[in-house]
Amino acid sequence: MRCPSCEGRESRVVDSRDLDDAATVRRRRECMACGTRFTTYERTEAARLVVSKRDGTRQEFDRDRLAAGLRKALTRRPVADGAAEQAADEIEAALRGEGMTEVPSSRIGALAMAKLRELDQIAYIRFASVYQSYEDLEALKREVDTLYDQRGHAEP
Ligand SMILES: [Zn+2]
């Protein structure tokens with residue numbers, strides 16, 4: 001378990017608790033080298049989690065692919081290194097915590113968008129613009145307008 005900040009391998013657990021899904025333990029860790037605190041989700045057994053896609057096909061949930069999509073949206077945005085990985089882990093933990101063995105891809109997309117919205121609004125828009133749940137550009141435009149209003153036009 002590498003530190004997301006310095007990639008150091010030594011860390012100590014500062015807090016530990018079971019999630020709703022008893023197979024998942026959430027741990028707060030502190031890097032022994034640089035003191036950065038980060039969160040890990042550890043599973044005693046990786047239960048099968050299948051994603052059902054819009055076209056009716058199914059495939060195994062791929063956490064790395066989700067992380068790659070998030071990382072792409074967060075490219076050159078001012079977020080901590082490892083933010084995409086952490087978000088992917090949290091999304092996976094949320095999905096597994098729901099106790100489902102099959103989830104629609106739209107659910108994962110919605111969770112990813114919620115995470116990105118917390119992290120960085122530009123990344124959120126990037127992701128939303130390619131995410132297929134947006135049936136039309138009007139929906140995206142409304143989202144942009146809403147975000148813009150919330151920020152009070154403070155930033156370009
Ligand atoms: Zn470190």
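Here are a few things to note about the model shown:
- Net charge of Cβ neighbours under 12 Å - reference E30; Lys, Arg +1; Asp, Glu -1: +3
- In the context of the full protein assembly, D89 retains an accessible surface of approximately 50 Å², using a probe radius of 1.4 Å and ignoring ligands and nucleic acids.
- Among Y148, Y124, Y41, the sequence by solvent-accessible area, most first, with a 1.4 Å probe is Y148, Y41, Y124.
- List L119, L147, ordered by accessible area with a 1.4 Å probe, largest first: L119, L147
- These residues, T39, T146, go from largest to smallest accessible area, 1.4 Å probe, as T146, T39.
- Given a 1.4 Å probe and the protein chains as shown, S16 ends up with an accessible area of around 60 Å².
- Nearest-10 value in Å² for the accessible area of E60, using the 1.4 Å probe: 90 Å²
The values are calculated or read from the model by the stated rules, or taken from the named source; none is laboratory data. Every value quoted in this text rests on a predicted model; they were computed, and no experiment measured them. Here Cβ is always computed from backbone atoms with ideal geometry, including for glycine, and neighbour counts include all displayed protein chains. The accessibility values were calculated without ligands, DNA or RNA, using every heavy atom of the protein model including side chains. Shrake-Rupley method; radii C 1.70, N 1.55, O 1.52, S 1.80 Å.
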